[in-house]
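> This is the structure I want to talk about, given as structure tokens.
The values are calculated or read from the model by the stated rules, or taken from the named source; none is laboratory data. All values derive from a computational prediction rather than experimental measurement. No Cβ is skipped: glycine too gets one built from the backbone with ideal geometry, and neighbour counts run over all protein chains shown. For accessibility, only protein heavy atoms count, side chains too; no ligands or nucleic acids. Shrake-Rupley method; radii C 1.70, N 1.55, O 1.52, S 1.80 Å.
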Amino acid sequence: MEAGKMTVSINKAINTQEVAVKEKHARTCILGTHHEKGAQTFWSVVNRLPLSGNAVLCWKFCHVFHKLLRDGHSNVLKDSVRYKNELSDMSRMWGHLSEGYGQLCSIYLKLLRTKMEFHTKNPRFPGNLQMSDRQLDEAGESDVNNFFQLTVEMFDYLECELNLFQTVFSSLDMSRSVSVTAAGQCRLAPLIQVILDCSHLYDYTVKLLFKLHSCLPADTLQGHRDRFLEQFRKLKDLFYRSSNLQYFKRLIQIPQLPENPPNFLRASALSEHISPVVVIPAEASSPDSEPITDLVEMETASQSLFDNKFDDIFGSSFSSDPFNFNSQNGMNKDDKDRLIEQLYREIGALKEELESFKAENERRTLQLRGRISELEAELAEQRHLKQQALDESEFLRTELEELKKQREDTEKAQRSLTEIERRAQANEQRYSKLKEKYSELVQNHADLLRKNAEVTKQVTVARQAQGDVEREKKELEDSFQRVSEQAQRKSQEQAEVLETLKQELAASKQELQVLQGTLESSTQVGAEQSTRIADLEQERDSLSRAAERHGEEMAALRAELQQLQDTLSSEKESSKKELETLQTQLQDKESMERTLQRRLAEEQFALLQGSAREAERMVQDALSRLEDPAHISCTGSADYLLSRTLAASECTERLQDAHRKYLSNRTDVSSLLPCVALFAHLISDTILQGSATSHMAPMEPADRLLEMCKQCGSEATSYLSSLQDLDSVEGADCTPVTSCLSRISAIGEELRPRGLDVEQEELGDLVDKEMAATSAAIETAAARIEEMLSKARAGDTGVKLEVNERILGSCTGLMQAIQVLVLASKDLQREIVESGRGAASPKEFYAKNSRWTEGLISASKAVGWGATVMVDAADLVVQGKGKFEELMVCSHEIAASTAQLVAASKVKADKDSANLAKLQQASRGVNQATAGVVASTKSGKSQIEEKDSMDFSSMTLTQIKRQEMDSQVRVLELENQLQKERQKLGELRKKHYELAGVAEGWEEDATD
């Protein structure tokens, strides 16, 4: 396609006439972008248009640009991004107009800017927003954070679309048929593109919200649901209002949204969601577009046009025989050539238009085929979702039936247990009745034995009765034994009852033994009373009748006992069946319990896998940061590295113990998870601190330390990886990590600063020497101040004498306060050494606490040096050669040195020590004395300055002006010098703090 034709179509589509953009011009612009694979020609033409001067022109530009972003070549977005700021400026400019197309242009330009930003951030989305569900999932990269952010961006995008929708409707007078007027159609035409965008954005927003609700808590997405509900109501209302306009009815089929918004809290509601589909009828076209003529009709029309023009020029005779040149009636050759050229041009134009129609037809065919493919994909997906729902329903139905069966089995087991308890109670009642009858039988038997004791026959009968009783007793014992065993298997309560019966049976045995003894004694008596047998012949008949009655009673008892045995056997069979049923249920429960134990172990191992994976990621992050250029500037001390290494070693030991506990019980991982997280944290910290320490160390130990840190990280990741594998978790061993930590500790010990260049055996003597030297320096300074005061009184008078006496007096007071402080510090140090050394000597105590001793020595030196310097400064001030500022600075330095001495002494002191209280009181006295020195110095300085005030009475105006300018120059110089000196002072203090902290061990002492 020629660039000139595209330029003409752009100028025809974007003009100042308040009519809708013609479809053929917009289609030519779209085909042009595909032909040149970009929008260079479009923007070269648009940049020459006065978009900021005419609102209608700008509105139609927005419409055409929107169509290009949707249906044009993919490079249209890339070529248009550079003009995004210009569109924003134009939007703000048109936003100042409250009438006409001003607000419409402002909102439309904001929408186009939002659309470009959305597609720039999300390049997977095409300009027309047509995507399948699989492509939508790929756009989020399976990350819930990406889906969350994408939903927010779609809300913003849809909000801009709805704002334009509402603004256009608000600008129209809906009481009249505005959709049939040219001006109304000019405003409504861009809404077709808006409807197409809104339908896709609504569909994708619903699907993304369902996906987010499946991954995140409902409370977290409350804001998303509120915003969606508001946009749902607006979009539903706007779709309904648009569908009633006559303009849209023949151009586009607008979908209707459901009556109620989707319920995102119910996952199955996604299957009820129907994607809104906007249908553009194939026969629909813009009302202002020119009709597309069929190829045959165009050829016929062109031929008719050719014949008419030929007849008009050459006559009707030439129409029947156009090649009969003998009857041309004198026609000029030039006129024929012009006519032929004109006809050729018209034929070429018609061919180009035919080609454009063919290209448009192919494009629409491709669009329809793509839409058919999308609908087929959606249909397949809906079928898949339906099948999933059916499978899930079948699974839930099966699970519900299993639960019902389990409940019925439980109810049956409960009823069987109740029946067993009831039968046990009935057996107990029968046992009690049998016991009573047995007691009666024993009593009757005893009576018979007493009656038959006199005669031998009675004895014989009694023996027979005894044999019967013993047999019955044995049968009863067997039955009792069987009943007791059966009852013991049934329940623990029946076991207690049977125990009671056994006790009663033992008592019965004892009674039978007594009866046997009685029978033996009766036998002896029978031998003695054999003479009485004849007398008892008459009683034999009565006894025989009694024996018969007794036999009848025994027969009845045997029958009842037989019935009882039958009942017990039936009860035994039923109990055996019930026991088998209970054993089966117990086995089922045991298998279920084993399954649950196995699931619990798997879940616990999954938790361990997640924790180990995160821990491994943490250690790998620490190893990757070793190569980060930003980490090269980080430094650290060897002492802090040793503390981190010690903590990591202790954590490694705890991790080994927790690992052994986990291997003994795979269902409990509660003690191992915190150890894994802490292990990863401490190992990462040790690696980073080792790298930071190597940046301050010499070359060789730094390389060894860095290599050992990397090896430690590698061993830690190997150990954590083995924890993630079920096969290798038992063989996981963190001994190599412990070895690496030990080597790092050894290198850290080598890198620790050595402090003062003295042997540790000399530290004790050095402390005493420095404290004695400090005391001597203070006494010397006090003596010099007294000497200077005597000289001042002898040689000075007036204000100078008063100033010198006040300054030297305050200095004397400061020296006395320092002496008290030094004495209190000695007493406190002596107490610390006595309480902390134990059986060791003071020198050994100082050597053991070398860091603290070195800090103490440094503080003592600073106090003595400060006193000497202050005396020298006071001497110069009294002589008139020094500066008052030097004296004030020296006093502040002494206060700082004494504070250092107090801090060094307090480190190892008991907080309830009386000497510590005295030291703190002495420190406050030093601060007060320092304040007195500063105050007296400032007062003396002010008196001296008042005395030396200038006299300007004799100076002229010019001299005063010159002096004023010189003073201003001097003030500026002094201010600049003051600023530089303050910066220098700050750097000096910073460097002094670093050197003192590393070389003298203040940080280690404070930690101790």
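> Rounded to the nearest whole Å², what accessible area per residue is found for region 331-427 with the 1.4 Å probe?
Numbers: 7840 Å² over 97 residues.
Heavy-atom SASA per residue in region 331-427 reads 81 Å².
> At a probe radius of 1.4 Å, what is the per-residue accessible area of Trp865, in Å² to the nearest 10?
150
> Are there trypsin sites (Lys or Arg not before Pro) in region 15-109 that DSSP marks as loop and that have at most 14 other Cβ atoms within 10 Å, and which are they?
Values: sites: Lys22, Lys24, Arg27, Lys37, Arg48, Lys60, Lys67, Arg70, Lys78, Arg82, Lys84, Arg92; in loops: Lys22, Lys37, Arg48.
Counting only loop positions with at most 14 other Cβ atoms within 10 Å, the trypsin sites (Lys or Arg not before Pro) in region 15-109 are Lys37, Arg48.
> Could you state the principal axis extents of the C-alpha atoms in region 554-601, from the largest down, to the nearest angstrom?
For region 554-601, the Cα extents along the three principal axes come out at 67, 12, 5 Å.
> Size of the dipole of region 32-110 about the Cα centre, Lys and Arg at +1 and Asp and Glu at -1 on the beta carbon, nothing else charged, in debye to 20?
Numbers: 10 positive and 6 negative charges, 32 e Å.
The calculation lands at about 160 debye.
> Please calculate how many Å² of accessible area region 191-271 carries per residue, with a 1.4 Å probe and no DNA, RNA or ligand atoms counted. Working shown, then result.
Details: 3670 Å² over 81 residues.
Computed with neighbouring chains in place, this is 45 Å² per residue.
> Apply 1/(1 + (r/R0)^6) to the Cβ-Cβ distance of Ser739 and Thr667, taking R0 = 41 Å, and write down the FRET efficiency to the nearest 0.05.
Working: r = 32 Å, r/R0 = 0.78.
E between Ser739 and Thr667, to the nearest 0.05, is 0.80.
> Let me ask another. In region 140-251, carbon and sulfur make up what percent of the accessible area (probe 1.4 Å)? Mind dumping the intermediate values first?
Details: 2160 of 4500 Å².
Using a 1.4 Å probe with all protein chains present, region 140-251 comes out at 48 percent carbon and sulfur.
> How large is the dipole of region 115-248 about the Cα centre if only Lys and Arg carry +1 and Asp and Glu carry -1, each at its Cβ, rounded to the nearest 20 debye? Display every interim value, and only then the final one.
Details: 14 positive and 17 negative charges, 98 e Å.
That gives a dipole near 480 debye.
> Next question, about the same structure. Taking Cα centroids, how far is region 219-243 from region 351-421 in Å?
27
> Here's a follow-up. Hey, which of these cross-link pairs are over 23 Å Cα-Cα: Lys78/Lys121; Lys589/Lys661; Lys938/Lys984; Lys110/Lys234; Lys67/Lys110?
Values: Lys78/Lys121 12 Å; Lys589/Lys661 27 Å; Lys938/Lys984 25 Å; Lys110/Lys234 19 Å; Lys67/Lys110 16 Å.
Cα-Cα > 23 Å for Lys589/Lys661; Lys938/Lys984; rest within.
> Something else: Where nothing but the Cβ of Lys and Arg (+1) and of Asp and Glu (-1) is charged, how large is the charge dipole of region 92-159 around its Cα centre, in debye to the nearest 20? Write out the running numbers ahead of the final one.
Numbers: 7 positive and 10 negative charges, 74 e Å.
Result for region 92-159 is approximately 360 debye, rounded to the nearest 20.
> Taking square-rooted eigenvalues a ≥ b ≥ c of the alpha carbon gyration tensor, is region 27-153 rounded, prolate or oblate, where a/c under 1.5 means rounded and, failing that, a/b exceeding b/c means prolate? It would help to have the intermediate numbers written out before the result.
Values: a/c = 2.56, a/b = 1.48, b/c = 1.73.
It is oblate, given that a/c is not under 1.5 and a/b is not larger than b/c.
> What does the charge add up to near Phe165, with Lys and Arg as +1, Asp and Glu as -1, over the other residues with Cβ less than 11 Å from its Cβ? Before the final figure, lay out the partial values.
Details: positive: Lys234, Arg241; negative: Glu159, Glu161, Asp197, Asp237.
Result for the local shell: -2.
> Enter the accessible area of Asp89 (Å², nearest 10), with the probe set to 1.4 Å and all protein chains included.
Approximately 80 Å² for this residue.
> Can you pull the three principal axis extents for the Cα set of region 628-761, in Å, largest first?
58, 41, 19
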